[in-house]
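Trainee: Following this message is one structure expressed as structure tokens.
The values are calculated or read from the model by the stated rules, or taken from the named source; none is laboratory data. Note that the structure is a prediction, hence the values are computed from the model and not measured. Here the Cβ positions follow ideal geometry from the backbone for every residue, glycine too, while neighbour counts run over all protein chains shown.
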Amino acid sequence: MADITTSVPAALTRSGRVRVNLRKDFIRNKYIYLMALPVVVFYVLFHYIPMYGAIISFKQFSPAQGIMGSPWVGFQHFTDFFQSFYFWRVLRNTVVISLSNLVWGFPAPIILALLLNEVRSSTFKRTVQSLTYIPYFISVVVIAGMIIDFTQTRGVINDVVASFGGQRVNMLQRPGHFVPLYVISEIWQQVGWGTIIYLAALTSIDPGLYEAATIDGANRVHKLWHITLPSIAPTIIILLILRMGNLMTVGYEKIILLYNPGIYETADVISTFVYRRGLIDLAWSYSTAVGLFNSVANFTFLLTANWISTRMKQTSLF
Amino acid sequence: MKYKATIAGTTFDVVNHALLVFVTLLTVYPLIHIAAASFSNGFRLMAHQGLIFWPQGFDLAAYRAVFRNRNIWTGYRNTLFMVGVGTALNVILTAMGAYVASRKNVFWQKPFMFMIIFTMFFQGGMIPLFLQVRALGLYNSLWSLILTFAISAFNLIIMRTYFQGIPDSLEESAKMDGANDFVVLFRIIMPVAKPVVATMVLFYGVSRWNGYFWAMVFIRNRALYPLALVLREILVMGTVSEMMGGSVTATDSEQIADSIKYATAMVATVPILCVYPFLQKYFVKGVMIGSLKG
């Protein structure tokens, strides 16, 4: 930015050249421009105008006055949120759910992929893969319905618990049960799908390494530890970093279907709070402010994660 | 790779296979439960405790009740429209965006790509999007869902990566023959890129079929409810008897309420499971491209 003023003459001649180039480019690529047009229009209408619309978080928005006409209130909505009782609760729940999901959900597909990798019968392997991918394609509504049904007092999970002498409880009414239920159902849905990338990484390992290790007298555990894991470590690390970037994002679609005021204490996250305040209570400016806080936090995490992963890719590949 | 058959090795194999069978059963069990319960007799199902592997007293009453429900049919019609038109639009726009982004000699290529990728990092949020959709006059119309989610940046990048791997010579020879970029994309590139197109159809189609949240936000009129919203009422809010009102008597509906729920879940899930095996060989590749670049 600073050198614009110092290099005016150079910039002028350059802008002249740019104009000529632009014309040439436009003539040569007129169909490309035509093709890009609907894509650009889409992004402007459904991404960039809403981004601009987020400024209502600094205003007291009323539809009658519009975005421009509504009065400014500065950081009022943000301070309201930060000072409210909800701030810590939704922040804590978002991070707790997200971290639990990471701690339990991240290793699961790696373990499954390693187990699958040791299977020699390709029919067996393919069958396990095809069957474990299925839950990924099932609607979150069906999954939520299933969870509600299975966890109610007379549901199948309680039947099993009772047969081992446990107490029947309506699990979705218990704040302490929500995070485990959420995480387990996520793992159930994602674990098979998650193996795809690791299995791909596993197939690219040079079989010669294993042969050499066998000659040296290594058993399967040795091979797993010294060949397989180090070979897929870069993939694991990159995926882990990218997951960390999503720390402030929790799938609200499932939570909205599952939670109830009785368990908001552990189940209410930032995005579900935004939804309730904004679209049910119609506190538009306030909830946009909360959403913007979440977007900015997300953005920071994602940029950091992306920055680290680009550096990692460079160091680990070259 | 050859392993010598040792005792340790065999034990490992047995344990490993047993573990995998167990994991697979855990994954599939809920689906078996749903299927078995949906074909069960309502009384027997209520009386039954514990796991179910086959129907308890084979009975189609639940399916009869579901198919008699008008809401299910309108839901199906709306969802089919949305998935059909929406996915077609998704694939066409994504392909166009990916094609532009994969050109090397286009002046605006970099800013164009930046415009797309930036939206993966930062969004305006739920409320501004809602207000924008309303301002565009799309509120309470299926077009709100079709247009608002016309392109996913993630999918566009997958497609771009695939396009970049297609040799330039194909395109050049077509251009020599006077083909413009539209012809090159839709006549030359798309047929070659069948695996990635199939992946896109699957990804977009499934998310449109399954999505309920934005439909709940954008659509008020019950006649426009997609299947996912009808499902939400039946499965999550548990308004079975009200939904089934008229089609079954009050006492009957109470007794088959559970099997109706399961039958509804089946009716909504089976179509996807029918398409899935045909696309399976393609999407593995799609996921790999996506995660390498994503």
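Trainee: Checking the conditions here, which among B:11, B:74, B:27, B:94 is part of a helix (DSSP H, G or I), more than 10 Å from chain A (Cβ to nearest Cβ) and closer than 23 Å to residue B:272 by Cα?
Mentor: Numbers: B:11 fails: closer than 23 Å to residue B:272 by Cα; B:27 fails: more than 10 Å from chain A (Cβ to nearest Cβ); B:94 fails: more than 10 Å from chain A (Cβ to nearest Cβ).
After applying the criteria, what remains is B:74.
Trainee: Scan segment A:62-78 for residues that are surrounded by 15 or more Cβ atoms within 10 Å (Cβ to Cβ) and more than 17 Å from residue B:136 (Cβ to Cβ) and jot them down. Steps first, answer last, please.
Mentor: Looking only at segment A:62-78, we keep the residues that are surrounded by 15 or more Cβ atoms within 10 Å (Cβ to Cβ), and these are A:67, A:70, A:73, A:76-78.
Listed by number, the residues that qualify are A:70, A:73, A:76, A:77, A:78.
Results for (1) modelled with pLDDT under 95; (2) surrounded by fewer than 15 Cβ atoms within 10 Å (Cβ to Cβ), shown as yes or no for each residue.
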residue	(1), (2)
B:55	yes, no
B:62	yes, no
B:68	yes, yes
B:72	yes, no
B:76	yes, no
B:92	no, no
B:105	yes, yes
B:137	yes, yes
B:140	yes, yes
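Trainee: Just one of (1) surrounded by 14 or more Cβ atoms within 10 Å (Cβ to Cβ); (2) modelled with pLDDT under 75; (3) among the aliphatic types (A, V, I, L, M); (4) farther than 19 Å from residue B:34 by Cβ trips up residue B:216, so point out which.
Mentor: Here residue B:216 meets the rest and fails (2).
Trainee: Could you list, in sequence order, the residues of segment B:196-209 that are surrounded by fewer than 21 Cβ atoms within 10 Å (Cβ to Cβ) and over 14 Å from residue B:276 (Cα atoms)?
Mentor: B:197
Trainee: Run residue A:224 past the list (1) exposed (fewer than 15 other Cβ atoms within 10 Å of the Cβ); (2) in contact (Cβ under 8 Å) with a residue 12 or more places away in the chain; (3) away from every other protein chain (no Cβ under 11 Å) and report the number of the one that doesn't hold.
Mentor: Only one criterion in (1) exposed (fewer than 15 other Cβ atoms within 10 Å of the Cβ); (2) in contact (Cβ under 8 Å) with a residue 12 or more places away in the chain; (3) away from every other protein chain (no Cβ under 11 Å) is unmet by residue A:224, namely (3).
Trainee: If you don't mind, another one. Report every pair of residues separated by at least 6 positions or lying on different chains whose Cβ atoms are under 9 Å apart, first residue within segment B:273-284 and part of a helix (DSSP H, G or I), second surrounded by fewer than 17 Cβ atoms within 10 Å (Cβ to Cβ).
Mentor: B:276/A:130; B:277/A:130; B:280/A:130; B:282/B:194
Trainee: Could I ask something else about it? Across segment B:111-139, what is the number of residues that are among the aromatic types (Phe, Trp, Tyr) and more than 7 Å from every other protein chain (Cβ to nearest Cβ)? Even if it seems obvious, please write down each step before you answer.
Mentor: First, the residues of segment B:111-139 that are among the aromatic types (Phe, Trp, Tyr): B:112, B:114, B:118, B:121-122, B:130, B:139.
Applying the additional criterion that residues be more than 7 Å from every other protein chain (Cβ to nearest Cβ) yields B:114, B:118, B:139.
Number satisfying all stated conditions: 3.
Trainee: Right, here's the next one. Residue check, residue B:251 against (1) more than 11 Å from every other protein chain (Cβ to nearest Cβ); (2) at pLDDT 85 or above, all met but one. Which one?
Mentor: For residue B:251, the failing item is (2).
Trainee: Please list, ordered by residue number, the helices (runs of 4 or more DSSP H) wholly in segment A:221-318 having 1 or more residues that are of a type in the set (S, T, N, Q) and in the same structural domain as residue A:93 (by TED's automatic domain parsing).
Mentor: A:229-245, A:264-267, A:270-275, A:284-317
Trainee: When you check residue A:147 against the structure, is it at the interface with chain B (Cβ under 10 Å from one of its Cβ atoms) and under 20 Å from residue A:101 (Cβ atoms), yes or no? Lay out the reasoning, then the answer.
Mentor: Working: at the interface with chain B (Cβ under 10 Å from one of its Cβ atoms): yes; under 20 Å from residue A:101 (Cβ atoms): yes.
Considered against the rule, which asks whether it is at the interface with chain B (Cβ under 10 Å from one of its Cβ atoms) and under 20 Å from residue A:101 (Cβ atoms), residue A:147 comes out as yes.
Trainee: Something else now. If I filter segment A:251-309 down to residues being of a type in the set (Gly, Ala, Ser) and over 28 Å from residue A:62 (Cβ atoms), which single residue comes out as nearest to the chain's Cα centre (by Cα)?
Mentor: We begin by selecting, within segment A:251-309, every residue of a type in the set (Gly, Ala, Ser); these are A:251, A:262, A:267, A:271, A:278, A:283, A:285, A:287, A:289, A:291, A:295, A:297, A:305, A:309.
From what's left, over 28 Å from residue A:62 (Cβ atoms): A:251, A:262, A:267, A:305, A:309.
Working: A:251: 8, A:262: 26, A:267: 17, A:305: 12, A:309: 16 Å.
Filtering first and then ranking leaves A:251.
Trainee: Something else about it: Which residues, taken from segment B:30-69, are within 12 Å of chain A (Cβ to nearest Cβ) and assigned to a loop (DSSP other than H, G, I, E, B)?
Mentor: Those that are within 12 Å of chain A (Cβ to nearest Cβ) and assigned to a loop (DSSP other than H, G, I, E, B): B:48, B:49, B:50, B:51, B:52, B:53.
Conditions tested, residue by residue: (1) among the small types (Gly, Ala, Ser); (2) surrounded by 18 or more Cβ atoms within 10 Å (Cβ to Cβ); (3) touching a residue at least 40 places away in the same chain (Cβ under 8 Å).
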position: A:99; (1), (2), (3): no, no, yes
position: A:108; (1), (2), (3): yes, yes, yes
position: A:111; (1), (2), (3): no, no, no
position: A:120; (1), (2), (3): no, no, no
position: A:123; (1), (2), (3): no, no, no
position: A:126; (1), (2), (3): no, no, no
position: A:131; (1), (2), (3): no, no, yes
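Trainee: Here's another thing I want to ask about it. Just checking, does segment B:114-122 include any residue being in the same structural domain as residue B:193 (by TED's automatic domain parsing) and not in a helix (DSSP H, G or I)?
Mentor: Yes: segment B:114-122 contains one or more residues that are in the same structural domain as residue B:193 (by TED's automatic domain parsing) and not in a helix (DSSP H, G or I).
Trainee: Next question. When segment A:194-208 is examined, which residues are found to be surrounded by 15 or more Cβ atoms within 10 Å (Cβ to Cβ) and more than 8 Å from chain B (Cβ to nearest Cβ)? Break it down into steps so the answer makes sense when it comes.
Mentor: We begin by selecting, within segment A:194-208, every residue surrounded by 15 or more Cβ atoms within 10 Å (Cβ to Cβ); these are A:194-202, A:205.
Across segment A:194-208, the qualifying residues are A:194, A:195, A:198, A:199, A:201, A:202, A:205.
Trainee: Just to be sure I understand the filter: pairs with C-beta atoms under 8 Å, separated by 6 or more residues or on different chains, first member in segment B:44-56 and assigned by TED's automatic domain parsing to the domain that holds residue B:27, second member among the acidic types (Asp, Glu) and outside any loop (DSSP other than H, G, I, E, B). Which pairs pass?
Mentor: Qualifying pairs under 8 Å: B:45/B:258; B:46/B:258; B:49/A:159; B:50/A:159; B:51/A:159.
Trainee: Kindly indicate whether any position in segment A:112-119 is farther than 30 Å from residue A:237 by Cβ, more than 28 Å from the chain's Cα centre (by Cα) and of a type in the set (Val, Ile, Thr).
Mentor: Narrowing segment A:112-119 to residues farther than 30 Å from residue A:237 by Cβ: none.
No: zero hits.
Trainee: Shifting gears a bit: Within segment A:150-170, which residues are closer than 22 Å to residue A:263 by Cα, charged (D, E, K, R) and facing chain B (nearest Cβ under 9 Å)?
Mentor: The answer is A:154, and nothing else.
Trainee: Kindly indicate which of A:208, A:166, A:217 is assigned to a helix (DSSP H, G or I) and either out of contact with any Ser or Thr (no Cβ under 6 Å at 6 or more places or on another chain) or in the same structural domain as residue A:240 (by TED's automatic domain parsing) (or both).
Mentor: Numbers: A:166 fails: assigned to a helix (DSSP H, G or I); A:217 fails: assigned to a helix (DSSP H, G or I).
None of the other options fit; the residue is A:208.
Trainee: Which ones in segment A:15-72 are of a type in the set (S, T, N, Q) and not in a helix (DSSP H, G or I)? Spell out the reasoning first.
Mentor: Taking segment A:15-72 as the starting set, the residues that turn out to be of a type in the set (S, T, N, Q) are A:15, A:21, A:29, A:57, A:60, A:62, A:65, A:70.
Those that are of a type in the set (S, T, N, Q) and not in a helix (DSSP H, G or I): A:29, A:60, A:62, A:65, A:70.
Trainee: Checking residue A:159 against (1) within 28 Å of residue B:129 (Cα to Cα); (2) part of a helix (DSSP H, G or I), which single condition isn't satisfied?
Mentor: Failing condition for residue A:159: (1).
Trainee: Collect the residues in segment A:154-189 that are of a type in the set (S, T, N, Q) and under 25 Å from residue A:264 (Cβ atoms), keeping them in residue-number order. Let's see the steps before the verdict.
Mentor: Quick first cut of segment A:154-189, residues of a type in the set (S, T, N, Q) only: A:158, A:163, A:167, A:170, A:173, A:185, A:189.
Hits for segment A:154-189 are A:158, A:167, A:170, A:173, A:185, A:189.
Trainee: Go through (1) away from every other protein chain (no Cβ under 11 Å); (2) surrounded by fewer than 20 Cβ atoms within 10 Å (Cβ to Cβ) and name the single condition residue A:280 misses.
Mentor: Residue A:280 satisfies every listed condition except (1).
Trainee: Now a separate question. Scan segment A:89-101 and tell me whether some residue there is in a helix (DSSP H, G or I), among the basic types (Lys, Arg) and away from every other protein chain (no Cβ under 14 Å).
Mentor: Narrowing segment A:89-101 to residues in a helix (DSSP H, G or I): A:89-101.
Of the ones still in play, those that are also among the basic types (Lys, Arg) are A:89, A:92.
Checking which are away from every other protein chain (no Cβ under 14 Å) leaves us with A:89, A:92.
Yes: segment A:89-101 contains one or more residues that are in a helix (DSSP H, G or I), among the basic types (Lys, Arg) and away from every other protein chain (no Cβ under 14 Å).
Trainee: Keeping to segment A:126-178, report how many residues are of a type in the set (Ser, Thr, Tyr), in contact with a helix residue (DSSP H, G or I) (Cβ under 7 Å, 6 or more places away or on another chain) and within 16 Å of residue B:25 (Cβ to Cβ).
Mentor: Here is the first cut: in segment A:126-178, the ones of a type in the set (Ser, Thr, Tyr) are A:127, A:130, A:132-133, A:136, A:139, A:151, A:153, A:163.
Within this subset, residues satisfying the condition of being in contact with a helix residue (DSSP H, G or I) (Cβ under 7 Å, 6 or more places away or on another chain) are A:130, A:132-133, A:136, A:139, A:151.
With the extra rule that they be within 16 Å of residue B:25 (Cβ to Cβ), the set shrinks to A:130, A:132-133.
So the answer is 3.
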